[in-house]
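Student: Okay, here's the structure, questions in a sec.
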Amino acid sequence: MGCSVIVCTRNRPDMLRQALGAVMPTLRADDELIVVDSASESDATRGVCDELGARYVRAEVKGLSIARNVGVTASTRDIVVFTDDDCLPAGGWLDAIDAAFDAPDVGFVIGQVRADVDDPYLPFDATPRPRRVFDGIVDPIDIGHGACMAYRREAYVAYGGADDRLGAGSRLLSAEDHDLFLRMLVHGWKGKYEPDALVLHRDWRSHREVVRYCWGVGLGTGAMVGKMTRVAGLRSTAPLLRRRFGSDGVGELSRGVRRRSKSMVAASTLKLTGTLTGLVLGLVLRRDGERFRARRR
């Protein structure tokens with residue numbers, strides 16, 4: 001059957017070359033590889049694909065969600081697998097993903113993402129978590145990260161794919177992965193966390209940039225929760241709101257103050273204010289069904 005492996009990239013040909021150098025040896029006979037160029041400003045990305053023999057598809061408008069949707073449109077396999085140009089998959093990751101789709105109601109599988117640096121503000125697994133099945137509404141923070149995720153193509157397409165107003169390159173900057181996890185759970189699909197599907201994330205940000213990144217994490221997360229409150233009701237999202245503004249918001253800020261950690265105070269303040277801003281936007285921005293209304297292009 002095989003998988004469609006989709007790698008999205010923008011303006012990072014050298015990093016893409018390293019990522020493809022890790023991805024391509026893991027491909028099996030029936031798998032296909034699609035590189036989606038998210039409106040890069042030069043032809044260097046196409047050049048890397050030509051050099052390595054990878055299929056190249058271009059998205060004319062930047063944005064990670066847009067690029068992922070373009071990749072799925074171009075795909076031909078029943079399972080679509082996403083990783084990023086700053087990730088290096090380990091051998092056997094696709095076998096582990098395939099094996100996790102062992103029942104027809106499993107709609108998505110999340111792999112283990114490990115960082116190559118120790119930074120407490122990066123949203124990756126410090127150690128492997130046990131395998132887990134997600135059934136019913138679960139806080140998507142506990143599910144995993146979009147740098148290693150896979151979907152049944154039919155399920156991904158049925159709900160419109162990634163919300164292109166969320167994610168890197170968009171106004172709302174992040175949470176496109178968590179948004180889709182939550183939407184699929186609302187519709188009755190199950191998800192799985194499979195630690196043997198491992199990718200290494202190469203961090204290219206400085207610690208200061210990672211701290212600033214917390215604003216975008218909060219913004220997208222708040223918007224996602226605000227939108228899903230309108231879709232699924234406050235009863236469904238109340239636990240998510242309590243966590244965002246409780247233990248992950250004010251609680252984290254309080255811990256930073258007690259420890260006299262300037263970076264922790266800065267990161268938690270940025271995340272908290274970003275979450276509040278995103279929540280307001282998520283409650284007021286126009287929607288088309290479960291997605292924010294697409295921006296004019």
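Student: Helix-only mean residue ellipticity at 222 nm, the chain, DSSP H runs n ≥ 4 weighted -39,500 (n - 2.57), per residue, nearest 500. What is it?
Tutor: Value at 222 nm, helices only: -13500 deg cm²/dmol.
Student: State the percentage of accessible surface on the chain attributable to carbon and sulfur atoms; use a 1.4 Å probe and exclude ligands, DNA and RNA.
Tutor: Roughly 53 percent of what the probe reaches on the chain is carbon or sulfur.
Student: Now for a different question. I need the phi-derived Karplus couplings for region 225-231: 6.51 cos²θ - 1.76 cosθ + 1.60, θ = phi - 60°, integer Hz, Gly and Pro marked x.
Tutor: For region 225-231, the Karplus curve yields 5, x, 5, 5, 5, 6, 7 Hz.
Student: Count the net charge of all other residues whose Cβ sits under 14 Å from the Cβ of Lys190, scoring Lys and Arg as +1 and Asp and Glu as -1.
Tutor: +1
Student: Specify, per residue and in Å³, the volume enclosed by the convex hull of the alpha carbon atoms belonging to region 149-188.
Tutor: Expressed per residue, the convex hull around the Cα atoms of region 149-188 is 68 Å³.
Student: Could you tell me the calculated FRET efficiency between Thr277 and Asp105, based on Cβ-Cβ distance and R0 = 45 angstrom, to the nearest 0.05?
Tutor: So, using R0 = 45 Å, E works out to roughly 0.80.
Student: Mind checking which lysines have their C-alpha under 30 Å from Lys192, skipping anything on the same chain fewer than 8 residues away?
Tutor: Here the lysines satisfying the reach criterion relative to Lys192 are Lys62, Lys227, Lys271.
Student: Starting from the Cα of Arg286, step 7 Å along the direction of its Cβ; do the same at Glu51; then give the gap between the two resulting points in nm.
Tutor: For Arg286 paired with Glu51, the spin-label model returns 4.4 nm.
Student: Once the principal axes of the Cα atoms of region 1-155 are found, what is the range along each, listed largest first in whole angstroms?
Tutor: On the principal axes, region 1-155 reaches 43, 38, 29 Å in Cα extent.
Student: Spin-label point model (7 Å from Cα, Cβ direction): what's the Asn11 to Ala39 distance in nm?
Tutor: In this crude spin-label approximation the distance works out to 1.2 nm.
Student: With θ set to phi - 60°, apply the Karplus curve 6.51 cos²θ - 1.76 cosθ + 1.60 along region 53-62 and write out the HN-Hα couplings as whole Hz, x wherever there is a Gly or Pro.
Tutor: 3J(HN,Hα) across region 53-62, in whole Hz: x, 9, 5, 10, 10, 10, 9, 7, 10, 6.
Student: Moving on. On a 0 to 90 degree scale, rounded to 10, what angle separates helix 13-23 from the longest Cα axis of the chain?
Tutor: 70 degrees
Student: Now a separate question. How much net charge surrounds Pro140 when only the other residues with a Cβ under 12 Å from the Cβ of Pro140 are counted, with Lys and Arg +1 and Asp and Glu -1? Please report the intermediate quantities before stating the final value.
Tutor: Values: positive: Arg183, Arg243, Arg244; negative: Asp139, Asp142, Glu176, Asp177, Asp179.
Net local charge, Pro140 excluded: -2.
Student: So, by mean Cβ neighbours within 10 angstrom, what's the order for 152-161, 251-260, 209-218 with the highest one leading?
Tutor: 209-218, 152-161, 251-260
Student: Could you give the alpha-carbon Rg of the chain over 2.2 N^0.38 Å, rounded to two decimals?
Tutor: Numbers: Rg = 18.3 Å, N = 297, 2.2 N^0.38 = 19.1 Å.
Cα-based Rg divided by the globular estimate yields 0.96.
Student: Report the one residue of Trp204, Val70, Leu240 whose Cα lies farthest in the direction of the positive end of the charge dipole of the chain (charges on C-beta: Lys and Arg +1, Asp and Glu -1; origin at the Cα centre).
Tutor: Ranked along the dipole, the leading option is Leu240.
Student: Using unit Cβ charges (K, R positive; D, E negative) and no other charged atoms, how large, in debye to the nearest 20, is the dipole of the chain about its Cα centre?
Tutor: 1660 debye
Student: Using the heavy atoms of the protein chains and a 1.4 angstrom probe, tell me the accessible area per residue for region 215-297 in square angstrom.
Tutor: Normalised by residue count, the accessible surface of region 215-297 is 54 Å².
The values are calculated or read from the model by the stated rules, or taken from the named source; none is laboratory data. Please read these numbers as outputs of a predicted model, since none were measured by experiment. Positions of Cβ are backbone-derived with ideal geometry, glycine not excepted, and every protein chain shown enters the neighbour counts. Ligands, DNA and RNA are excluded from the accessible area calculation, which covers all protein heavy atoms including side chains. Shrake-Rupley method; radii C 1.70, N 1.55, O 1.52, S 1.80 Å.
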